Amino acid sequence: MKTIVTIVFIVVLFGCKESNSERKVVAINNFNMVEPIDIIKAKDITIPVYDYDSFEKLIATNGTKTYVVNFWATWCKPCVEELPSFEKIYDKYKGQNVEVILVSLDFPKKVDDVLVPFIEKNKLKSNVILLDDPKQNRWIPKVDKDWSGAIPATIIINENNRSFYEKSFTFIELEDQLKGFITN
């Protein structure tokens, strides 16, 4: 069964398209300490690219920061539908030690044609990174031992707590989960 899920995940990972334009430069505090394996620059958008080992260092808990990490892709309809909820969390909590990281699982060869136009068209302000690590069987269980690999998936993590969700969120559901992390 795990093999089938992995094969489906890989097949889906290699598809789809979107389009249009605005401005975005990613700036996560830990980006200064963790070297990406690549940086994609297109127009006014910069997207750091990480393998899983580097990405894992990005979300290493340090002090009072809470990370809301969403695994998504432009070809995933439920992912795209829930992105406005993550953008609202970004806007509402950006000054409160909350970091929203949108981890794109789009195929790296589609970044210029699909991901960049999608970010521009949807005016994403949250931090967008590209996870480029084809060894899904190795890193998916590291994210969460029970994760099937399906997206959307979200981790909320800080130094005191960690929760994994293999589901879509509404803003209210996401905020309710986040409040449990920032009020502790």
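The values are calculated or read from the model by the stated rules, or taken from the named source; none is laboratory data. Remember, predicted model here, so these are calculated numbers, not experimental data. So basically every Cβ, Gly included, is an ideal-geometry build from the backbone, and we count neighbours across all protein chains shown. With ligands, DNA and RNA removed, areas are computed over all heavy atoms of the protein, side chains included. Shrake-Rupley method; radii C 1.70, N 1.55, O 1.52, S 1.80 Å.
The criterion of being open to solvent by 70 Å² or more (accessible area, probe 1.4 Å), at pLDDT below 95 and either in a loop (DSSP other than H, G, I, E, B) or at positive phi (or both) holds for Asp146. When each of Arg162, Arg138 is tested for being under 14 Å from Phe55 (Cα atoms) and open to solvent by 20 Å² or more (accessible area, probe 1.4 Å), the lone residue that passes is Arg138. Out of curiosity, is Lys125 open to solvent by 10 Å² or more (accessible area, probe 1.4 Å), touching a residue at least 12 places away in the same chain (Cβ under 8 Å) and part of a loop (DSSP other than H, G, I, E, B)? Here the answer is yes, as Lys125 does meet what is asked.
Each row is one residue, and each column tells you yes or no for (1) touching a helix residue (DSSP H, G or I) at 6+ places or on another chain (Cβ under 6 Å); (2) modelled with pLDDT of 90 or more; (3) open to solvent by less than 50 Å² (accessible area, probe 1.4 Å); (4) not aromatic (Phe, Trp, Tyr).
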{"site": "Val34", "(1), (2), (3), (4)": "yes, no, yes, yes"}
{"site": "Asn62", "(1), (2), (3), (4)": "no, no, no, yes"}
{"site": "Asn70", "(1), (2), (3), (4)": "yes, yes, yes, yes"}
{"site": "Lys77", "(1), (2), (3), (4)": "no, yes, no, yes"}
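The residues listed here are Leu105, Leu130, Leu174; of these, the one that is buried (at least 21 other Cβ atoms within 10 Å of the Cβ), more than 25 Å from Glu35 (Cα to Cα) and either among the acidic types (Asp, Glu) or in contact (Cβ under 8 Å) with a residue 40 or more places away in the chain (or both) is Leu174. The set of residues from region 149-159 being within 22 Å of Asn97 (Cβ to Cβ) and open to solvent by 10 Å² or more (accessible area, probe 1.4 Å) comprises Ile157, Asn158, Glu159. The residue that is farthest from Trp72 (Cα to Cα), counting only those in region 86-105 that are of a type in the set (D, E, K, R) and at pLDDT 95 or above, is Lys92. What do you reckon, is Asp38 open to solvent by 50 Å² or more (accessible area, probe 1.4 Å), at pLDDT 90 or above and either among the acidic types (Asp, Glu) or touching a Ser or Thr at 6+ places or on another chain (Cβ under 9 Å) (or both)? Here the answer is no, as Asp38 does not meet what is asked. Scanning region 108-118 for residues that are within 21 Å of Asp51 (Cβ to Cβ) and in contact (Cβ under 8 Å) with a residue 12 or more places away in the chain returns Pro108, Lys110, Val111, Asp112, Val114, Leu115, Val116.
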